[in-house]
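Written out below as structure tokens is the structure these notes cover.
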Amino acid sequence: MTCIKILNDKVANQIAAGEVIERPVAVIKELIENSIDAKSTRIRIQVTNGGKSLIDVTDNGIGMTEDDALLCLERHATSKLKESNDLNKIRSFGFRGEALPSIASISKFTLQTRHADSISGTEVKVYAGKLLHKKVCGMPIGTRIRVENLFATVPARRKFLKTNSTESAHIHHAIKLTALAHPQIAFEFFDSGKKIIHSPKCLNINERITELWNKNLTKDLLHIKEEKSSKTPFLSGSISKVGIDRSTRKDIHLFVNRRPVDSRLISLVIKDAYKGAIPKHRFPIAFLLLEIDPSEIDINIHPTKKEIRFRNESFIRQFILEKIANVINCSKQIYTAPNIGEKNIGISVGKHNNTIKSDKVIGYESLKKRNSSNYICINEQKNNIPSNKIKNKTLINWKFLHHLKRHTALYETNQGLIILNILKAKQRIRYESILQNKKPTEQISQSLIIPQQLEFEPIPSDTLLKNLELINQSGFNIESFGSNCFRVFSIPYWLELNKTESLIRDLIDQMSISASAPNLKHEIFKEYVAKCAIKDFYFDNTTDNSMTLKDLPEKLFSCKNPLTSPIGKKIFFEISWSDINKKIN
Ligand code: ADP
Ligand code: MG
């Protein structure tokens with residue numbers, strides 16, 4: 001007796017679907033890739049309910065013959081790969097012949113297609129992998145695929161789907177990225193009947209970025225000059241100006257042979273190219289299209305084909321490093337340094353040698369040393385002394401004597417003299433006031449005379465929308481204005497106005513990574529905001545006038561831990577009268 005059986009196609013397709021089709025956006029990606037492979041110049045995508053109820057992709061590509069319309073639904077049926085050798089020179093997006101049968105096995109699937117050689121089109125309807133009908137239909141040359149009730153046959157998978165708006169945001173994002181990599185194709189995207197994208201054919205990636213990304217971003221970008229050449233490798237796209245950065249690498253978009261990919265190697269190279277030009281733990285924005293001989297890469301690593309390997313890593317590394325470093329060096333940007341006591345020290349980036357290795361290029365490293373609080377890791381020191389005791393003991397008559405130097409103040413007490421670091425004391429006060437939702441000054445936020453209008457990408461925008469209440473509890477007043485737009489009416493009292501967008505972006509990143517229980521989320525978020533509030537990077541010195549040096553000790557000692565700054569540095573020290581007497585008597 002044998003126990004082993006070959007799985008039937010229906011089961012095999014459903015298993016394949018489980019691997020490749022995680023959520024609606026995966027269907028969209030597969031269908032668009034097929035349309036691109038079919039040499040379409042116009043692709044229209046429609047979805048309803050975040051793609052859960054309907055996904056409809058129509059193209060004007062080469063279409064399929066009547067026979068192919070049936071064959072394409074067979075497992076491992078592909079027109080793109082004939083023998084294993086072809087794998088090394090693959091130019092198409094698909095080659096596994098798995099997508100259509102997988103999608104058709106978990107939905108109600110309608111294919112309408114017409115090849116240039118046919119006088120009419122063919123319609124094929126399948127439900128959960130079972131052919132319902134095949135018939136003639138009238139249509140222009142091209143293909144239209146409708147996927148209804150995705151995961152209808154796999155309810156377990158349906159349960160894992162997020163809200164319609166989140167699924168839509170992912171679809172919107174994916175379409176934008178695909179459109180970016182294919183400027184020569186016109187894209188249209190409708191979400192529940194509403195037109196979201198209408199982008200005609202563009203000249204190049206940079207024109208597409210301007211079409212699809214928010215206008216503010218476009219002015220923050222530097223273009224990689226396109227040389228007219230068909231030589232590979234070839235790099236085009238845009239990178240952020242020095243001084244524009246993000247807290248995660250999510251805004252680094254990389255396409256190799258127009259395929260969106262993850263490459264640790266290239267991400268690191270990009271980061272290297274900016275070395276010294278952006279803070280250590282921050283990332284630039286990049287939209288990069290790399291054209292390379294297909295035999296130089298291996299894309300056959302994962303079914304969703306995100307990760308990529310290069311055969312000659314060191315060559316690619318050097319090639320990209322030089323290109324990007326050149327663009328950065330050639331741009332004479334003013335880099336707005338983080339506050340170092342004084343505000344906005346501008347350091348100009350001039351032309352330099354070929355690499356950007358030297359810290360002198362931007363001088364960021366040296367700035368960093370002077371401004372180490374920018375790169376802190378919070379390390380709350382545990383004080384063994386009960387806080388009440390500290391208060392009672394030390395609060396006795398701190399008499400303000402003199403502002404000694406920029407950050408140092410002198411006080412007199414009955415026991416001796418106190419030398420205090422003003423910056424650290426204020427950091428402690430601000431940090432605890434945020435954690436305890438207390439107002440150290442009269443107001444927790446500052447109203448903006450002119451509300452600031454911000455626009456985010458679909459996914460961050462969805463995250464912000466879902467967490468507006470949370471963010472508005474920390475001194476912001478932000479309202480949604482639809483279509484990924486927001487208006488900021490007020491910001492926390494400590495925030496420097498021109499850092500508003502940057503901080504909100506960082507907070508969104510933070511919100512998207514902390515998917516904890518709602519009450520915990522609130523605590524974690526508050527702590528994150530408090531950490532931001534003590535970074536000079538965000539902090540506005542000019543709004544801090546309300547705290548006079550005379551009042552400072554009292555405010556400091558109303559903190560739980562008045563002895564150290566939030567990163568565990570001593571805030572003040574005392575020289576007792578007896579010590580002073582010993583020295584001079
Ligand atoms: P793959 O893309 O890996 O070949 P798919 O299952 O996605 O596998 O598609 C199977 C085949 O169906 C493709 O190889 C192609 O010949 C045909 N096909 C799919 N979509 C289209 C389309 N939009 N236009 C023309 N042909 C298509
Ligand atoms: Mg395909």
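The values are calculated or read from the model by the stated rules, or taken from the named source; none is laboratory data. All values reported here derive from a predicted model rather than from experimental measurement. Reconstructed Cβ throughout: ideal geometry from the backbone, glycine too, with neighbour counts over all protein chains shown.
General remarks:
- Selection of the range 401-436 for residues being of a type in the set (Asp, Glu) and under 43 Å from the mean Cα position of the chain (by Cα) yields only 432.
- Matching option when the condition is of a type in the set (Gly, Ala, Ser), over 21 Å from residue 17 (Cβ atoms) and within 16 Å of ligand 1 (Cβ to nearest atom), among 104, 116: 116
- Among the numbered conditions (1) within 14 Å of ligand 2 (Cβ to nearest atom); (2) under 21 Å from residue 155 (Cβ atoms), the only one that residue 59 does not meet is (2).
- Screening residue 167 with (1) assigned to a strand (DSSP E or B); (2) acidic (Asp, Glu); (3) buried (at least 20 other Cβ atoms within 10 Å of the Cβ) gives one miss only, at (1).
Residue by residue, here is whether (1) within 16 Å of ligand 2 (Cβ to nearest atom); (2) at pLDDT below 90; (3) surrounded by 15 or more Cβ atoms within 10 Å (Cβ to Cβ) holds:
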{"residue": "80", "(1), (2), (3)": "yes, yes, yes"}
{"residue": "88", "(1), (2), (3)": "no, yes, no"}
{"residue": "112", "(1), (2), (3)": "no, no, yes"}
{"residue": "118", "(1), (2), (3)": "no, no, yes"}
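- Residues in the range 534-553 that are at pLDDT 70 or above and part of a helix (DSSP H, G or I): 552, 553.
- Residue-level check: of (1) part of a loop (DSSP other than H, G, I, E, B); (2) closer than 18 Å to residue 20 by Cα; (3) modelled with pLDDT of 95 or more, residue 93 misses just (3).
- Hits in the range 112-145 - residues which are among the small types (Gly, Ala, Ser), over 39 Å from the mean Cα position of the chain (by Cα) and outside any strand (DSSP E or B): 116, 118, 120, 138
Results for (1) modelled with pLDDT under 80; (2) buried (at least 21 other Cβ atoms within 10 Å of the Cβ), shown as yes or no for each residue.
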position	(1), (2)
483	no, no
494	no, yes
520	yes, no
525	no, no
532	no, yes
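- Taking the range 46-60 as the range and being buried (at least 22 other Cβ atoms within 10 Å of the Cβ) and among the small types (Gly, Ala, Ser) as the test, the residues that pass are 50, 51.
- Selection count where residues are touching a Lys or Arg at 6+ places or on another chain (Cβ under 8 Å) and within 16 Å of ligand 2 (Cβ to nearest atom), scope the range 144-164: 1
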